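Take a look at the structure set out below.
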Amino acid sequence: MFDRILVPTDGSGPANAALEYAGEIAAVEQVTVHILYVVDPSADPDDADDPIADSRDWAGETGSPIIEEVETGEPRDAILESAVEHDVDAIVMGTRGRRGVGRLLLGSVTEGVIRDAEVPVLVVRGDSEVRRPYPIETIVVPTDGSAHAEVALERALTIASHHDATVHILSIVDVAPAGIEDQNDLRLDRLERFARRVVDEGVERATNAGVETEVTVTYGSTHQKIRTYTDAVDADLLVMGTHGRSGLDRLLLGSVTERVLRTATTPVLTVRAASKE
């Protein structure tokens, strides 16, 4: 799935969860793991701990190459620079961390990395409710037909082919943004037809890739339906685009992705389409 992954750490619970998951991936895939600790230059040096003393313990006995480094600077910039420098295939991060010398994985940092990274970002929450099975058997991909959602589906199909996993293609008709209250509203029919066309196109792509699929079109709040559906099928991975389009096909706006990241009970792989010049 990946050859080189970057794992930023600050010793917090979410960061350790990301390290553990990276270790599980490395043990199976034999990837190179780059562990990065970023020291906040404004912090009190007397509060500093040994920055990566326990990194190998959290990553586990993978048998894979583990490269450790310490950088001083602004966390988001250091993470993005390290990803480019080491030509990694993905960044594995916790959703938040602690303040002070070890401040790194705060929500704003993670969101900044997700927004600007040129590679996929695999986000892992440190809560006990989060499932992190590996290898992967079940993948959920919410889609709205946007460029970002299409890239997410393509990535999901690649991962599914590698793991012989099933991909669940999910399209959600959220009538609230369109102000639809009447079931007879013609706009609702347009939304439904669009959602079904999107999942049908996804199934066609999956069939061409030799990947088994399940499809669902449902109705309600987008981020809530993503969470409940992912739990219902015991998904091992959720793959999402980081942005979407507005209008009738609105789904993966940044706010939706951020809400899902804060509550997801499975690792979330975020991908984005290449920026247009």
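The values are calculated or read from the model by the stated rules, or taken from the named source; none is laboratory data. All of these numbers come straight from a predicted model, not from anything done at the bench. All Cβ positions, even for glycine, are placed from backbone atoms using ideal geometry, and neighbour counts span all protein chains on display. In case anyone asks, the SASA skips ligands and DNA or RNA and just uses the protein heavy atoms, side chains included. Shrake-Rupley method; radii C 1.70, N 1.55, O 1.52, S 1.80 Å.
Considering R155, R103, which residue is on the phi < 0 side of the Ramachandran plot, open to solvent by 10 Å² or more (accessible area, probe 1.4 Å) and either modelled with pLDDT of 90 or more or under 13 Å from the mean Cα position of the chain (by Cα) (or both)?
After ruling out the rest, the residue left standing is R155.
Which condition breaks for A78 when tested against (1) surrounded by 13 or more Cβ atoms within 10 Å (Cβ to Cβ); (2) over 19 Å from the mean Cα position of the chain (by Cα); (3) at pLDDT below 80?
(3)
Residues of segment 153-170 being touching a strand residue (DSSP E or B) at 6+ places or on another chain (Cβ under 6 Å) and either in a loop (DSSP other than H, G, I, E, B) or of a type in the set (A, V, I, L, M) (or both), which ones?
L153, A156, A160, A165, V167, I169, L170
Can you find a residue in segment 162-170 that is surrounded by fewer than 23 Cβ atoms within 10 Å (Cβ to Cβ), on the phi < 0 side of the Ramachandran plot and at pLDDT below 95?
no
Please return the ranges of strands (runs of 3 or more DSSP E) entirely within segment 193-277 where 2 or more residues are open to solvent by 20 Å² or more (accessible area, probe 1.4 Å) and at pLDDT below 95.
Correct list: 213-219.
Could you please let me know if V28 is among the hydrophobic types (A, V, I, L, M, F, W, C) and within 19 Å of V119 (Cβ to Cβ)?
Taking the combined requirement at face value, the residue does not satisfy it.
Of the residues V38, V7, V33, which is under 20 Å from G126 (Cα atoms) and modelled with pLDDT under 90?
Selected residue: V38, the only one of V38, V7, V33 that is under 20 Å from G126 (Cα atoms) and modelled with pLDDT under 90.
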